[in-house]
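Remarks on the structure that follows.
The values are calculated or read from the model by the stated rules, or taken from the named source; none is laboratory data. None of the values given here were measured: they were computed from a predicted structure. As a convention, Cβ positions derive from the backbone with ideal geometry for all residues, glycine included, and neighbour counts pool all protein chains shown. Side chains included, ligands, DNA and RNA excluded: accessible areas come from the protein's heavy atoms. Shrake-Rupley method; radii C 1.70, N 1.55, O 1.52, S 1.80 Å.
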Amino acid sequence: MEIRSLELIGFDELFEGFSNAFSDYEILFDKSEVQSMLIRRGYVPYLSFAAYDGGKMVAFTLNGIGMFNGNLTAYDTGTGTVKEYRGRGLAVEIFRHSLPFLRQAGISQYLLEVLQNNHKAIGVYRRMQFESTRDFDCFRQSIANINNHQSARLCDNLRIELIGTDIVRQAQSFCDFYPSWQNSIESIERGASDLTCIGAFELDVLVGFCVFDRKCGDLTQIAVRKECRRQGIGSRLLYEVIRRMCTDFVKVINVPCDNSSLPALLKSKNIPLVNKQFEMVMNLTGISK
């Protein structure tokens, strides 16, 4: 067994290893969707690592690198192990192998998200000195069951148009919370070519916006200027999202559980809570080498 960097691994080989690790999962991964995910999450090959057995990739951790809360951060973009090799602690070995390289690159913290019902993984992370920083709620509904069919007639004075990520960055003050890694403005800018950004304008003033991925059903950000809320703007934006989606569902992930405004909008549209996650962080500057 050998652990080595993925610096010289092409995407086709990486996708083969990715597919093998998740071959027994119900979800089928599309090649273009995986490639888009890696771009959005800031995947850096030379700071990502895999375990090989006889030249075959059997486990991996793909790390994204970027700024988060003002700190240079590594993010667990994807961790997987081939079924026959599970239970051997390979993910932990790979992670520990990566730490000196991450520190050498000036990275001060490691960030990940984990489903709250995955008690085994949470126990492992806590033993590795990860701490929970936020509780996230995740929502999902089939488009056929979303109660938003009347919103096309709301807010006739609104002008809806495509906007650039520069405007989305300027409008981050509309948001009630700091987005998770994969919903952050940095992630949106990295993956701009695969995302749709829409602005709602009143008299040429931006009063709301949303960002979404038409191909995978992900509603990344939706926010309305605070003084303009409860006027149907959020409903109109959601209507625009729904009618443009290529999927038959909409999902909204990683909403902090102490936020009330966005869950209230989703609940009013019959988009229910489906699971919960922990955001967890390890300080890389204060742990033993």
Between Met67 and Ser108, what length comes free when the chain is fully extended (0.36 nm per residue of separation minus the Cα-Cα distance, one decimal in nm)?
-> 13.8 nm
Mind jotting down the distance between the C-alpha centroids of the stretch 113-152 and the stretch 159-186, whole Å?
-> 21 Å
What distance in nm separates the simple spin-label points at Glu189 and Cys257, each placed 7 Å from Cα in the Cβ direction?
-> 3.2 nm
Asn157-Tyr178 FRET efficiency (beta carbon distance; Förster radius 30 Å; 0.05 resolution) | 0.45
Separation of alpha-carbon centers, the stretch 188-228 and the stretch 52-84, rounded to whole Å = 29 Å
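Please give me, ordered by residue number, the GluC sites (Glu not before Pro) of the stretch 17-103 that lie in loop per DSSP and have at most 12 other Cβ atoms within 10 Å.
Taking the stretch 17-103 and a limit of 12 other Cβ atoms within 10 Å, the loop GluC sites (Glu not before Pro) found are Glu26.
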Which of (1) 36, 20, 18; (2) 25, 23, 19; (3) 35, 25, 16 is the computed semi-axes √(5λ) of the Cα gyration tensor in Å for the structure on display?
-> (1)
Backbone HN-Hα couplings from phi across the stretch 18-24 [Karplus 6.51/-1.76/1.60, Hz, Gly and Pro as x] | 4, 5, 5, 5, 10, 5, 9
Heavy-atom accessible surface of the stretch 31-134: percent carbon and sulfur, 1.4 Å | 50 percent
Solvent-accessible area per residue for the chain (1.4 angstrom probe, square angstrom) | 49 Å²
Overall Cα dimensions of the stretch 191-289 - principal axes, largest extent first, Å = 57, 32, 29
Nitroxide proxy distance, nm - points 7 Å out along Cα→Cβ at Val274 and Arg169 = 3.2 nm
What does the stretch 111-253 give for Rg and for Dmax, in Å, if only its C-alpha atoms count?
-> 16.8, 55
Lys and Arg at +1, Asp and Glu at -1: add these up for the other residues within a Cβ distance under 9 Å of Gly191 and post the number.
-> 0
Can you tell me the alpha carbon radius of gyration of the stretch 90-170 divided by the globular rule-of-thumb value 2.2 N^0.38 Å?
-> 1.83
Kindly state, to the nearest 0.05, the FRET efficiency for Met128 paired with Lys267, given R0 = 30 Å and r defined as their beta-carbon distance.
-> 0.25
Between Leu28 and Val205, what is the FRET efficiency for a Förster distance of 41 Å, r being their Cβ-Cβ separation, to the nearest 0.05?
-> 0.40
Take the alpha carbon gyration tensor of the stretch 1-141, find the square roots of its eigenvalues, order them as a ≥ b ≥ c, and report rounded if a/c is under 1.5; if not, report prolate when a/b exceeds b/c, else oblate.
-> rounded
Under 5 Å, built H, 5+ apart or other chain: amide partners of Leu284 = Gln109, Tyr110
Summing Lys, Arg as +1 and Asp, Glu as -1, what charge do residues with Cβ under 14 Å from the Cβ of Asp137 carry, Asp137 excluded?
-> 0
Local electrostatic count, Val92, Cβ distance below 13 Å [Lys/Arg +1, Asp/Glu -1] = +4
If every Lys and Arg gets +1 and every Asp and Glu gets -1 at its Cβ, then about the Cα centre the chain yields a dipole, in debye to the nearest 20, of 600 debye
Leading residue at positive end of dipole, the stretch 195-289 (Cβ point charges), from Gly199, Met245, Asn283 | Met245
